[in-house]
Amino acid sequence: MAPSSFPFDMSALNVFLAVCENGSMASAARSLGITQPAVSQTIADLEARTATMLFDRRVRPLALTATGTVLRQYASNLVSDMHHIAMRLREMQTGRVSQLRIGVVDSLSRAVLVNTSHFMQTRTEHLAVFAGLTESHAEALLTRQIDFIVGVDDLEDVAGLERWPLFEEPYLLVCGEDIPPPSTREELKAMCSQYPFIRFTLRSRSGTEVERYLRRLQIDAPLGQEYDLPIGLLAGCQNGGIAISTPLCMQEAGYVPGQGLCVHPLPAGGIKRRLTLVARRREFGRLPLDFAQMLRVSLQDYTHRVLHHRFAAFSQSMIVLS
């Protein structure tokens, strides 16, 4: 149906509701700041286009007819929706939204949540942050249960998303301080057979990346302990195991020098982890960009203040992206 064939427009409905609320066309005109003839003409046009009488003019104050009562019910909802749409559009222009749901990978909690909370105080009325595995957050994003995800999967094969790269860090080997670091594939292979290898579960992107790295090197590490959370890997290493993790994961787990553990570069080229902000395209105005910029600043500060101190050998490999 073309707009010209609609029996009313929003301006006419607004006048109609003003008459309903004020009980007369003169009072409605005063409340709207227009003339009484303009109100009368609008109501007459509305009745002509709907082919019905909306008011019983024989009584004072004006009484609605049965048809007028039905129109008032629907008109109130329509006008309310229009005001809500206008408000949302203004929110989009300012970067503020009424509700935002964000999935954040566990290993970023210490690094960004304080600044995220502060940033979102002026950007959304209701913020919900879900910590956990990127894989579950990605599924929730695609089913519209989450609006943004900050994690290790940029969903590059999925259309309709915008992506903001944030941070890149190396995977590193965690082991006891009395264990010599491996410099070759053969030495790493020997370590994986001599010490318990503590894994991220394959439910996580990090678990998948580590297993792919081991397969590339043709290393078949025996199955042992597996954990979703970085703290599980740290615990396993404190009990005599070895693991492949990242600076952010280790920091999130509570790693500090002096725990009897060391971190070393991986041999044979190693692997890296990239963190990305992913959002549904064009639904939140400039908010994803502003959020990404805040996260980059937070990660830059956290890297220089904490990670460079605790993982000095990897300083050049921890990069805030733009």
Review point. Under the classification rounded if a/c is under 1.5, otherwise prolate if a/b is larger than b/c and oblate if not, where does the stretch 1-60 fall, given a ≥ b ≥ c as square roots of the Cα gyration tensor eigenvalues?
Key: oblate
Exercise for review: Have a look at the stretch 35-81 and give its Rg and Dmax from the Cα atoms, expressed in angstrom.
Suggested key: 11.3, 33
Exercise for review: Find the Rg to Rh ratio for the stretch 22-146, where Rh is the Kirkwood radius over alpha-carbon pairs and Rg uses the same atoms.
Suggested key: 1.28
Practice item. Using a/c under 1.5 as the rounded threshold, could you call the stretch 258-322 rounded, prolate or oblate? The axes a ≥ b ≥ c are square roots of the C-alpha gyration tensor eigenvalues, and prolate needs a/b larger than b/c, oblate otherwise. Key: prolate
Review point. For the chain, what proportion of DSSP beta bridges, expressed in % and rounded to the nearest 5, is antiparallel?
Key: 60
Point to revise | Over the stretch 145-197, volume per residue of the alpha carbon convex hull, in Å³ | key: 174
Review point. Charges only on Cβ, +1 for Lys and Arg, -1 for Asp and Glu: so what's the dipole of the chain about the Cα centre, in debye to the nearest 20?
Key: 860
Exercise for review: Using per-residue counts of other Cβ atoms within 10 Å, averaged over each peptide, order 169-175, 60-66 from highest down.
Suggested key: 169-175, 60-66
Practice item. Give the value in nm², to one decimal: projected area of the alpha carbon convex hull of the stretch 99-151, averaged over all directions. Key: 3.3
Review point. Radius of gyration and Dmax for the stretch 126-237's Cα atoms, expressed in Å?
Key: 16.9, 53
Review point. In vacuo Debye scattering of the chain, one point per C-alpha: log10 I(q)/I(0) at q = 0.10, 0.11, 0.15 Å⁻¹?
Key: -0.68, -0.75, -1.13
Point to revise | Among Leu266, Leu62, Leu108 the positive-end extreme of the charge dipole of the chain (Cβ point charges) | key: Leu62
Check your understanding: Which of the peptides 67-77, 18-28 is most tightly packed, and how do the rest follow, judged by the mean count of other Cβ atoms within 10 Å per residue?
Key -> 18-28, 67-77
Review point. In cubic angstrom, how much convex hull volume per residue do the alpha carbon atoms of the stretch 169-234 span?
Key: 98
Practice item. Using +1 at the Cβ of each Lys and Arg and -1 at the Cβ of each Asp and Glu in the chain, identify which of Tyr302, Trp164, Gly232 lies farthest towards the dipole's positive end. Key: Trp164
Exercise for review: Kindly provide the GluC sites (Glu not before Pro) of the stretch 137-205 that DSSP labels as loop, not H, G, I, E or B, and whose Cβ sees at most 12 other Cβ atoms within 10 Å.
Suggested key: Glu156, Glu177
**Study point:** Å² of accessible area per residue within the stretch 208-322, as computed with a 1.4 Å probe and no ligands counted
**Key:** 46
Revision key, fill the gap. What helix-only [θ] at 222 nm does the chain give? Using -39500 (n - 2.57) per DSSP H run of at least 4, over all residues, to the nearest 500, the answer is -13500 deg cm²/dmol
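The values are calculated or read from the model by the stated rules, or taken from the named source; none is laboratory data. Values in this document were obtained by computation on a predicted structure and should not be read as measured data. All Cβ positions, glycine included, derive from the backbone under ideal geometry; neighbour counts span all protein chains shown. Only protein heavy atoms, including side chains, enter the accessible area calculation; ligands, DNA and RNA are left aside. Shrake-Rupley method; radii C 1.70, N 1.55, O 1.52, S 1.80 Å.
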